[in-house]
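Below is one structure, written out as C-alpha cells; the observations come after it.
What follows is calculated from the coordinates using simple rules that are stated; it is not laboratory data. These numbers come from a predicted model, not from an experiment. Cβ coordinates were reconstructed from backbone atoms using ideal geometry, including for glycine residues, and neighbour counts include every protein chain displayed.
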Amino acid sequence: MMAHDMSKRRLLLLHSFLLTIILALWQATTHRGIIPFYLLPSPSAVLRRLVVDADLLLAHSGATVATIIGGFVLGTAAAAGLALCLQGNRAARHLVYPYVIALKSLPIVLIIPFVNLWIGTGFSSRVVIVALTSFFPTLVTTVRGLLHVDQDLVDVLRVRGATSAFVLFKVRVPSALPHFFAGAKVAVVLAVIGALVAEMMGGSRGLGFLALISTYRLDTDVLLIISIVSAIIGYCLFRGLGYIERKVAPWNWATLEL
Amino acid sequence: MAAALQRAVITATDLAVDVRLNAIRTVRIVTSIDLVVHASEYTVLMGPSGTGKTTILRALCDCLSLSASVTGTAWRTDDVAVVWQRPALMPWRSALSNVLVEESLRSAKGSLADRAQLLFQHLYLRGIESKSPAELSAGMAQRVALARALAARPAAYLLDEPLSSVDVPQKEAIEIWLRDFVLGESSGVLHVTHDPYEAVFLADRIYVLGGTPATIQSTLTINAPRRNAAFRASAAFAAYVAQLRTLLPTP
C-alpha cells in the first residue's frame, strides 16, 4: 500500500514536470514570435482567452457533454440489448453482423447528412449520431463476453437443473461485464469524436459547432482550447467508466489497470 | 454386499464415445464400458492420465462437447451433482455464496445455511466463507467446489479428482469423513482418481480403465467394513494397494 502511494505521487510529480517543460518550451517559442500567433498561439494567450470567454466555452462544453452522455448511454444500451438477443443464436449473429459491420465501416460523415435529413439537426439527431458511433465496440465485446463463459461452471449448474435463463442472467451476464466495460471504454472515447463531428455538421450548439466557426475565423486560441477540453472530457468519461466498473464488477478489477 | 439390494443411480451399458476430429476422421476414446453405481455405494474409476476417465464422467451427465457422440446407454438419476477437475466457481460470489447456489436452483430445499456450515467445518474451510474465489488457494477452491456439490445432497455424485490439489494429511482426513458422510445419506458416488491409495481407501469397488480405446480391464472389490485411520495403516490396505498396482497398466 505504501509503495503504491509512493509510486502514485512520483507519477504525479513526473507528470507536472513534463507538463511544465512542454508549457515553458511552448511559451518561449510563441511569446517572442518565433512561431507566429496565427499558427500557434502562446499558452498565456490561450489562458487569457479561456478566462474572457469562459461563459461561452462552458455553455458549449455543457451541450457537448450532454450529447456525448445521451448518445453513449443510448448506443451502449442498444448494444447490450442486441448482444443479449444475439448470444443465444448463432444464425442470428451471422445474419446481423454483416450489416452492423458495414454500418460501422462507413465514415460517420457519410451517415450524418441522412440523420440530419430524417431527424433534423437538433439535440436528438446528435444523440443518434453519437449512439451510432459508440454502439459497435460494446456490441462486439459484449457478445464475446456472453459466449465466453466457464463451460465447466455452466455444466455444474445445468446438471443441478439450472434453466437457460438462470445461466444467462446469473452466469453469462456477470462474466460478460468485464468485456462489456472494455468495449464501453473504447466506445466512450469514440463518442467524443462522434459528438464533435455531429456538431460540426449540423445545429448551432456544442464544441464542434464552436470549432467550425473558429476554423472559419482562424481563431486558433479557441481551437486549441476546444482540443484540450475535448481531451479532458474523453479522459474523465473513460476514468468515470473505470470507477463504475470497479463498483459493478470488482472481482475483475484486481488484475487490471485501465 | 448390501449395495446389491439398493437401486442403481448410475449405469453405463456397452458405452462408447467417439470424438470427431474433422470431417473424415473420428476417433473412439472409450468403448464397451459397463459399470454400475448403486445408492449407498462408493465406486472409483481409475486409470492412467488421458485414458478417458473424464470422458466417461461427461458422457454420464450429458456434458460432452458437441464433437463427441455417445453410443450404448449412459444413464444416471436426475438428482446428480458433479465436481470437475477445475473448481469452476463463480468469481463474483464469495466462497459461501458459491456453495449456496443450490438454493436458487431447486427452490424446494429451502435454506442450506446449516448444511453449508457443516460442510465448511469438515472440509477445513472455516473462516474463508466471505473470501472471493480469486483469494483462495487451488486446494481451497477445490474443496469449495466439493462443498457446492455436497450442499445439494443429491442421489448420486460424479467426482473428477476432487481432492487432487489438497495436501496429504488434510486429504486423508477428508476421505475418512467424506465416505461416511455421502454413504450415510444413501448417495452413490463415482469418483475418478489416479491415486491408488485414495482409490483403495474410499472405494467399495474400483474400475480400472486402460487400453486404446479404453475399456474397463479389471474390477477390484474392497471388502473393509470400517474406513478409518486404522484401516489405512492395516496390512489389508497395503495388500489392496499392491493388488491394485498390479492391475494398473505400466507406463
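I need the Debye-formula profile for the range B:91-153: one equal scatterer per C-alpha, no solvent, reported as log10 I(q)/I(0) at q = 0.16, 0.26 1/Å, two decimals.
-0.43, -1.10
So for the range B:10-64, considering every pair of alpha-carbon atoms, how many percent are separated by more than 19 Å?
Summing the P(r) tail past 19 Å for the range B:10-64 gives 32 percent.
Measure out, as a whole number of angstrom, how far apart the alpha-carbon centroids of the range B:40-77 and the range A:125-170 sit.
So the two Cα centres are separated by 30 Å.
What shape does chain B have by the C-alpha gyration tensor, where a ≥ b ≥ c are the square roots of the eigenvalues, rounded means a/c under 1.5, and otherwise prolate means a/b greater than b/c and oblate the rest? Kindly include the intermediate steps, with their values, before the conclusion.
On the way: a/c = 1.58, a/b = 1.19, b/c = 1.32.
Note, shape of chain B comes out oblate.
Classify chain A as rounded, prolate or oblate from the Cα gyration tensor: take a ≥ b ≥ c as the square roots of its eigenvalues, call it rounded if a/c is under 1.5, otherwise prolate when a/b beats b/c and oblate if not.
On the way: a/c = 3.17, a/b = 1.55, b/c = 2.04.
Note, shape of chain A comes out oblate.
Please identify every one of the trypsin sites (Lys or Arg not before Pro) in the range B:89-191 that sits in a loop by DSSP and has no more than 10 other beta carbons within 10 Å of its own beta carbon.
Passing sites in the range B:89-191 are B:ARG126.
Name the most mobile residue of A:SER125, A:SER230, A:SER44, meaning the one with the largest mean-square fluctuation, in a Gaussian network model of chain A with Cα contacts below 10 Å.
A:SER44
May I ask you to derive the relative contact order of the range A:53-255, considering only C-alpha pairs under 8 Å and at least 6 residues apart, and to give it as an integer percent?
Details: 240 pairs, mean separation 56.4, N = 203.
Computed value for the range A:53-255: 28 percent relative contact order.
I need the trypsin sites (Lys or Arg not before Pro) found in the range A:27-58, filtered to DSSP loop residues with at most 14 other beta carbons within 10 Å of theirs.
Hits after loop and neighbour filter: A:ARG32.
Under a GNM of chain A (C-alpha, springs under 10 Å), which listed residue has the highest mean-square fluctuation: A:GLY75, A:GLY202, A:GLY122?
Highest fluctuation of the listed residues: A:GLY122.
Tell me which GluC sites (Glu not before Pro) from the range B:143-251 have a DSSP coil assignment and no more than 15 other beta carbons within 10 Å of their own.
Answer in residue order: B:GLU185.
From the phi of every residue in the range B:125-130, what ³J(HN,Hα) in whole Hz does the Karplus formula 6.51 cos²θ - 1.76 cosθ + 1.60 yield, where θ is phi - 60° and glycine or proline is x?
10, 4, x, 10, 3, 8
Taking neighbour Cβ counts within 10 Å as the exposure measure, how do B:TYR207, A:TYR97 sort from fewest upward?
A:TYR97, B:TYR207
Name the helices (complete DSSP H segments) of chain A with a Cα length along the long axis of 15 Å or more and a Kyte-Doolittle mean of at least 1.0, or state none.
Span-like helices, by this rule, are A:54-87, A:108-119, A:123-147, A:173-200, A:220-248.
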